[in-house]
Amino acid sequence: MASSFPSSIDNFTDPLSNSALSSPSHSGQHSDLNDAVEKIETYMGLVKVIPTSATNGTVAANGTVTIGNAVSSVTVTCFSSLYDNYQIQVSGGSSSAINATRLQLGATTTGYYYGGSYCSYAGTLTASAGSNTSSWLISTHAASNGVLANIYLSMPFAATRTGFATNYISPITADGGANITGFLDNSTSYTSFVFFPTSGTLTGGTIRVYGYRN
């Protein structure tokens, strides 16, 4: 029986402890299982990416990057032709000052555009934007409250403009949150990103990168 996934869930015949190798067919069971696993790998939507390297951080066997001690930035090399779109999650750790975190692709320090609506937790609505800046605004963070960021990138490896979106998250009660989108105005193919605070340093916390299956 060939796998019918993803149109329906497979219902394979389980052999009993006293079943003969031909009932159900032993070779057929291997073939059906191989077929099902290959389809799962093909249709799986979000896949955790194993970065090839991390500057000022360490990469675990499962792909999680741990930010180093008192570092001014973290560079993660992780983009490839396997995926067009990526999700980056940053969480935990601490910073030496209360300020914004930002993101760059590779060594590019110009051509970043972004805009979004910012609302304080008290209810004040303002704009958050940048035109041809040196990086994208990601989020604010506090020295004792940790670093929070959820970032989406479209086509960073392809030789075309890279799309960007983030949920602006602040763990500071006097701050707020926003949704920000934008793009990088060039056609460069990138393999890495740089996450950093506008001033001060980061210590600890994790970075996880996920690719959306093409």
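Brief remarks on what is shown
- Hypothetical label at Y121: residues of segment 179-209 whose amide nitrogen lies under 20 Å (7 Å Cα-Cβ projection): 179-180
- Using 0.36 nm per residue and subtracting the Cα-Cα separation, the extra length available between S81 and F12 on full extension is 21.4 nm.
- Calculated FRET value between A97 and R161, using beta carbons and R₀ = 35 Å, to 0.05: 0.60
- A 1.4 Å probe run over segment 77-200, with the rest of the protein chains in place, finds 41 Å² accessible per residue.
- Solution diffusion estimate, µm²/s, Stokes-Einstein, segment 76-214, Kirkwood Rh from C-alpha pairs, 20 °C, viscosity 1.002 mPa s: 141 µm²/s
- Per-peptide average of other Cβ atoms within 10 Å, ordering 61-67, 137-143 highest first: 137-143, 61-67
- Label sites at N150 and S187, each approximated as a point 7 angstrom past Cα along Cα to Cβ, lie 3.4 nm apart.
- Rough spin-label spacing in nm, given labels placed 7 Å along Cα→Cβ, for A143 and K48: 3.3 nm
- Relative protection proxy for 177-184, 79-86, from highest mean packing down: 177-184, 79-86 (other beta-carbon atoms within 10 angstrom).
- With every protein chain in place, segment 128-214: carbon and sulfur % of accessible area (1.4 Å): 53 percent
- Across segment 56-68, rounded Karplus estimates of 3J(HN,Hα) from the backbone phi angles (6.51 cos²θ - 1.76 cosθ + 1.60, θ = phi - 60°) give 6, x, 10, 9, 7, 4, 8, x, 6, 9, 9, 5, x Hz, Gly and Pro being marked x.
- For the pair N132 and N69 in one chain, pulling the backbone fully straight at 0.36 nm per residue adds 19.5 nm over the alpha carbon distance.
- Coarse-grained scattering of segment 124-185 at q = 0.27 Å⁻¹, given as base-10 log I(q)/I(0) from a Debye sum over alpha-carbon atoms: -1.18
- Per-residue extension of 0.36 nm, minus the Cα-Cα distance of T173 and N214, leaves a gain of 10.8 nm for this segment.
- Sequence-ordered 3J(HN,Hα) estimates for segment 76-84 from the Karplus curve with 6.51, -1.76 and 1.60 and θ = phi - 60° stand at 10, 9, 7, 7, 7, 6, 5, 9, 8 Hz, glycine and proline given as x.
The values are calculated or read from the model by the stated rules, or taken from the named source; none is laboratory data. Every value quoted in this text rests on a predicted model; they were computed, and no experiment measured them. Glycine gets a Cβ as well: all are built from the backbone with ideal geometry, and neighbour counts include every protein chain shown. Note: areas computed on protein heavy atoms with side chains; ligands, DNA, RNA excluded. Shrake-Rupley method; radii C 1.70, N 1.55, O 1.52, S 1.80 Å.
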